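Before any comments, here is the structure.
Computed from the coordinates by the stated procedures, all read-outs in this text should not be read as laboratory data. All values reported here derive from a predicted model rather than from experimental measurement. As a convention, Cβ positions derive from the backbone with ideal geometry for all residues, glycine included, and neighbour counts pool all protein chains shown.
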Amino acid sequence: MTFNLLLRIIAFLGTRSLIEILLGRYQEPAMQNLVFMFLDVVGSTRLTEKIGDAKTQVLIGNLFFDIASLVDQYGGEVHRYIGDEMVITWDLTERRSAPDILGCLADVFSLIESQRTLSEPLHGTWVDLRAGLNAGPVLVSEVGDLKRELVYFGDTINVASGLQSHCKEVGVRALIGASLYQMLVHSHRLKPSPLGSITMKGKLELIECIALEYCPVEAGLVVASSVELSDLEQSA
């Protein structure tokens, strides 16, 4: 019974967050270098109008469950679910090379296509996602009293969220900060299209970003750059 309860607590908080809360690591705010990936359901209102709230929740819930498993395989962690949005992080603070985040994103889109082949014949629709990715320093702190939670503050997370929102405006499925893209291992399944510098709501400076188009091909990964994580911290 106690072991099952512990598993439930880990499932709700995440292993890393639970350990950090128990150790009191962020009772005093601290800086970390993180990658954020925001995933948001495309047209959730359309989905509920077409198949109803219950079926929509099942489709989204099943997809998010499978994505969480992928994220774990790629060394990331689901920070939180916000309605039909999923926030994923990778901690780069003690790394000298970046994890295969683009490989993870390509697998997410591959998973969507697989679920589409099952969902479309049954329901006449499927769940698609838009993604925004950015990296850099954030302030991490514990908040709450009866319910403790780790929260992140800083421009890095705001830009990641803004890039996800901007996908709809420019008609793409994924946008990534250019500085982050240049330091990651690239995937042949994601075709990059530089968009140059864009304006983002609430920000004065321009954000340089790259659109990513999913291309389901059998191909390996290539190293794109020798840029180190310390360079990312300096450029953020």
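Per Stokes-Einstein, at 37 °C and 0.692 mPa s, what whole-number D in µm² s⁻¹ belongs to the stretch 28-235, with the Kirkwood radius over Cα pairs as the hydrodynamic radius?
185
Quick check: pseudo-label points 7 Å beyond the Cα along Cα→Cβ at LYS50 and GLU113, how many nm apart are they?
Calculated label separation equals 1.9 nm.
Mind checking the full-extension length gain between PHE65 and SER141? Use 0.36 nm per residue of separation minus the Cα-Cα distance, one decimal, nm.
The span from PHE65 to SER141 would gain 24.7 nm if fully extended.
Which stretch or stretches of the stretch 116-160 have amide N atoms under 14 Å from the point lying 7 Å from THR93's Cα along the Cα→Cβ direction?
136-142, 150-153
Please tell me which of these pairs span more than 26 angstrom C-alpha to C-alpha: LYS50/LYS203; LYS55/LYS201; LYS168/LYS191?
Those over the limit are LYS50/LYS203; LYS55/LYS201.
Each label point is 7 Å from the Cα along the Cα-to-Cβ direction; what then is the distance between the points at LEU195 and MET31, in nm?
My value for the distance between the label points is 2.8 nm.
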